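Comments concern the structure below.
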Amino acid sequence: SLGALIWLLACQVPIFFDSLGARVFLMSCITGAYCSAAGLVMLRGKSSRQLPSSRPLAALLFLNAALHLVRAPLLLLAPVPSTGYLLPTATAWFGVISVTSIVVVVGISMLLVAVAKEQAEQMSNAAIAAARDASERASEEKSRFLARMSHELRTLLNSLLGMAQSLASDPGLNPAQHERAATLERAGRHLSAIVNDILDLGRVEAGRLELAPRPIDLRAQLQEAVTLVRPAAIEKRIALDLLLLPPLPAAVLADPVRIRQILLNLLGNAVKFTPAGGQVTLSAMSGPAGLTLAVTDSGPGVPEDQRARLFQDYERIGADAAGTEGTGLGLAITAALARTMGGMAWYAPGPNGAGSCFSVLLPLPSATLPQPVEAPEPEAAVRSADSLHILVVDDIAANRMVAEALLTQAGHRVQSVADGASALAAIATGPLPDVVLMDIFMPGMDGFETTARIRALPGLAGRVPVLALTAEASPDEVRACLEHG
């Protein structure tokens, strides 16, 4: 604004208006000042300082300012001659400076475009970073929510399922009461499975599902899954087979819990949807890409127009028509677990286009099984089955009732307390328990602090075995329990 005002005022002076040299002189001074100010802004600006093109642009602006500021005194020493209204006759120095200034201005223009592009990229990256941070915060909130819900839901389910188990095994019930208790237990197990599926899927989506790989006996793992599903297959008169295709490694490095979960999801679905008298086969084969597990059934198969919905959350294709139970999460969790292990899951029609074949590819490395641990002496085995004095520490009364009922039925002597202070008093006054079942999340003195104080007790009291009793047994929780003794 100041430069424009000076120029407008100068144009009112006749001597300035009539002199080309004076006008060029003033223009050179104003342009030089503009370029110098712009160069300082580029060097000192907080945002532009981070841009790669800001320093080269500042250098060209200072160079252009220097050219104009050099041209100003030269015009006074050696004016540019002009004749009437004709263009001035350019001297050698004037031509060199002017051409150089034009080249510099072109460079400035190109760098201004580069700076604008870099600023746009910077703003875009800032927006992406903000979105990423917001997503991470949301993921952390989701993880905390899942952890809290996991604890609350499983705590209540423990009470429901534990009391149902206790009732179902009570010999004093008549047959009708026993059947009701067994129905309650089955419903509790089904509800527990649904909660576990939902929480597992939430952990996968939040990126919080951790694997615990170790060497496992592959054949034993596959046989165990088939054994667990066989009662349901026998009930429906379905033939259930295990097919091992060589070469197959004896052991692989994998998380046995998650491998079992994948197998039970696929086998359970196959048995569920295969009609009575059908066939279900679990096959395993190893190849360059990894271990392939496939479950083939002779059921109705999946219509082609519905296959795209497989492995999606809460999809129950054909389940409503078949009258089956489920949340539609089994295949989604199977696919998510396969991806977490670096593999994949897919569907294909069964042999000759009949039935279904659900497969997972898991790139699991071969492993060596550890040496088996020698079996204990018979006397030690007898002693381990003797009645134990067990101290149960839990702030929730229903949990204490469940523990007392199940442990008493197993022949043990149970003492239960509601907080850490009572547990310390019970251990200090005796008799010393054989083992302590310690809840972790308790108001006031939690399970970690209580265990630390037990470990500080003198003599045998400080070495009493303490087992963590918690509804949230995540890997982080396991590590924390071990660290606290």
Can you tell which of Ala78, Ala66 is open to solvent by less than 70 Å² (accessible area, probe 1.4 Å) and either at pLDDT 70 or above or among the hydroxyl-bearing types (Ser, Thr, Tyr) (or both)?
-> Ala66
Considering only the range 355-368, state which residues are open to solvent by less than 70 Å² (accessible area, probe 1.4 Å), modelled with pLDDT under 90 and either under 27 Å from Pro215 (Cβ atoms) or among the acidic types (Asp, Glu) (or both).
-> Ala367
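Conditions (1) modelled with pLDDT of 90 or more; (2) touching a strand residue (DSSP E or B) at 6+ places or on another chain (Cβ under 8 Å); (3) part of a helix (DSSP H, G or I), marked per residue:
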| position | (1), (2), (3) |
| --- | --- |
| Ile216 | yes, yes, no |
| Val226 | yes, yes, yes |
| Ala232 | no, no, yes |
| Arg237 | yes, no, no |
| Asp241 | yes, yes, no |
| Pro249 | yes, yes, no |
Between a first residue in the range 165-181 that is more than 13 Å from Ala410 (Cα to Cα) and a second residue that is open to solvent by 50 Å² or more (accessible area, probe 1.4 Å) and not aromatic (Phe, Trp, Tyr), which pairs have beta carbons less than 6 Å apart while being 6 or more apart in sequence or on different chains?
-> Ala181/Leu167
State whether the residues of the range 251-272 include one that is assigned to a helix (DSSP H, G or I), of a type in the set (A, V, I, L, M), surrounded by fewer than 15 Cβ atoms within 10 Å (Cβ to Cβ) and touching a residue at least 40 places away in the same chain (Cβ under 8 Å).
-> yes
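Out of the residues in the range 330-354 that are in contact with a Pro (Cβ under 8 Å, 6 or more places away or on another chain) and crowded, with 16+ Cβ neighbours inside 10 Å, state the one that is farthest from Gly299 (Cα to Cα). Steps first, please.
To start, the set of residues in the range 330-354 that are in contact with a Pro (Cβ under 8 Å, 6 or more places away or on another chain) comprises 341-343.
Next, only the ones that are crowded, with 16+ Cβ neighbours inside 10 Å stay: 341, 343.
On the way: Met341: 29, Gly343: 26 Å.
Per the stated criteria, the residue is Met341.
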Give me the pairs, please: first residue somewhere in the range 333-353 and closer than 14 Å to Asp255 by Cβ and small (Gly, Ala, Ser), second residue anywhere and open to solvent by 60 Å² or more (accessible area, probe 1.4 Å) and in a strand (DSSP E or B), beta-carbon distance under 7 Å, and either six or more positions apart or on two chains.
-> Ala338/Met344
Return the residue satisfying two criteria in turn: it lies in the range 98-137 and is open to solvent by 60 Å² or more (accessible area, probe 1.4 Å) and under 16 Å from the mean Cα position of the chain (by Cα), and of such residues it is nearest to Leu209 (Cα to Cα).
-> Glu136
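Tally time: how many residues in the range 398-424 are in a loop (DSSP other than H, G, I, E, B) and in contact (Cβ under 8 Å) with a residue 24 or more places away in the chain? Before you say what the answer is, go through the steps one by one.
Initial filter on the range 398-424 (in a loop (DSSP other than H, G, I, E, B)): 410-412, 418-419.
Okay, now just the ones that are also in contact (Cβ under 8 Å) with a residue 24 or more places away in the chain, so 411-412, 418-419.
Of the residues in the range 398-424, 4 are in a loop (DSSP other than H, G, I, E, B) and in contact (Cβ under 8 Å) with a residue 24 or more places away in the chain.
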Residue tally, condition open to solvent by 30 Å² or more (accessible area, probe 1.4 Å), touching an Asp or Glu at 6+ places or on another chain (Cβ under 9 Å) and of a type in the set (Ser, Thr, Tyr), over the range 415-473 | 2
Could you run through the range 373-397 and say how many residues are open to solvent by 40 Å² or more (accessible area, probe 1.4 Å), at pLDDT below 85 and part of a helix (DSSP H, G or I)?
-> 6
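Counting only residues that are among the β-branched types (Val, Ile, Thr) and assigned to a loop (DSSP other than H, G, I, E, B), which one in the range 464-478 is modelled with the highest pLDDT? Before the answer, list the steps.
Here is the first cut: in the range 464-478, the ones among the β-branched types (Val, Ile, Thr) are 464, 466, 470, 478.
Filter once more, so that each one left must be assigned to a loop (DSSP other than H, G, I, E, B): 464, 470.
Values: Val464: 92, Thr470: 80.
Checked the range 464-478; the qualifying residue modelled with the highest pLDDT is Val464.
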For the range 151-171, state whether one or more residues are crowded, with 16+ Cβ neighbours inside 10 Å and more than 26 Å from Asp439 (Cβ to Cβ).
-> no
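Restricting attention to the range 405-427, report how many residues are of a type in the set (A, V, I, L, M) and closer than 12 Å to His389 by Cβ. I'd like the intermediate steps shown before the answer.
The initial filter retains those residues of the range 405-427 that are of a type in the set (A, V, I, L, M), namely 405-407, 410, 414, 417-418, 421, 423-427.
Filter again for closer than 12 Å to His389 by Cβ, leaving 407, 414, 426-427.
Matching residues across the range 405-427 total 4.
For the range 442-481, which residues satisfy the criterion of being among the hydrophobic types (A, V, I, L, M, F, W, C) and within 24 Å of the chain's Cα centre (by Cα)? Talk me through it step by step, then tell me what you get.
Looking only at the range 442-481, we keep the residues that are among the hydrophobic types (A, V, I, L, M, F, W, C), and these are 442, 445, 448, 452, 454, 456-457, 460-461, 464, 466-469, 471, 473, 478, 480-481.
Within the range 442-481, Ala471, Ala473, Val478, Ala480, Cys481 qualify.
Can you confirm whether the range 33-41 contains a residue that is modelled with pLDDT of 65 or more, open to solvent by 50 Å² or more (accessible area, probe 1.4 Å), in contact with a Ser or Thr (Cβ under 8 Å, 6 or more places away or on another chain) and closer than 15 Å to Ile108 by Cα? Give the derivation first.
As a first pass, look at the range 33-41 and keep what is modelled with pLDDT of 65 or more: 33-41.
Remaining after also requiring open to solvent by 50 Å² or more (accessible area, probe 1.4 Å): 33-34, 37, 40-41.
With the extra rule that they be in contact with a Ser or Thr (Cβ under 8 Å, 6 or more places away or on another chain), the set shrinks to 41.
With the extra rule that they be closer than 15 Å to Ile108 by Cα, the set shrinks to 41.
Yes, some residue in the range 33-41 is modelled with pLDDT of 65 or more, open to solvent by 50 Å² or more (accessible area, probe 1.4 Å), in contact with a Ser or Thr (Cβ under 8 Å, 6 or more places away or on another chain) and closer than 15 Å to Ile108 by Cα.
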Could you check, for the range 444-463, whether at least one of its residues is assigned to a loop (DSSP other than H, G, I, E, B) and among the polar types (S, T, N, Q)?
-> no
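Tally the residues that are outside any helix (DSSP H, G or I) and either surrounded by fewer than 19 Cβ atoms within 10 Å (Cβ to Cβ) or modelled with pLDDT of 75 or more (or both), restricting the search to the range 42-63. Please lay out each step first, then the result.
Our first condition is that a residue be outside any helix (DSSP H, G or I); within the range 42-63, this holds for 45-47, 51-53.
With either surrounded by fewer than 19 Cβ atoms within 10 Å (Cβ to Cβ) or modelled with pLDDT of 75 or more (or both) added as a condition, the list becomes 45-47, 52.
Number of matching residues: 4.
The values are calculated or read from the model by the stated rules, or taken from the named source; none is laboratory data. What you see is a predicted model; the values in this text were computed from it and never measured. Here Cβ is always computed from backbone atoms with ideal geometry, including for glycine, and neighbour counts include all displayed protein chains. The accessibility values were calculated without ligands, DNA or RNA, using every heavy atom of the protein model including side chains. Shrake-Rupley method; radii C 1.70, N 1.55, O 1.52, S 1.80 Å.
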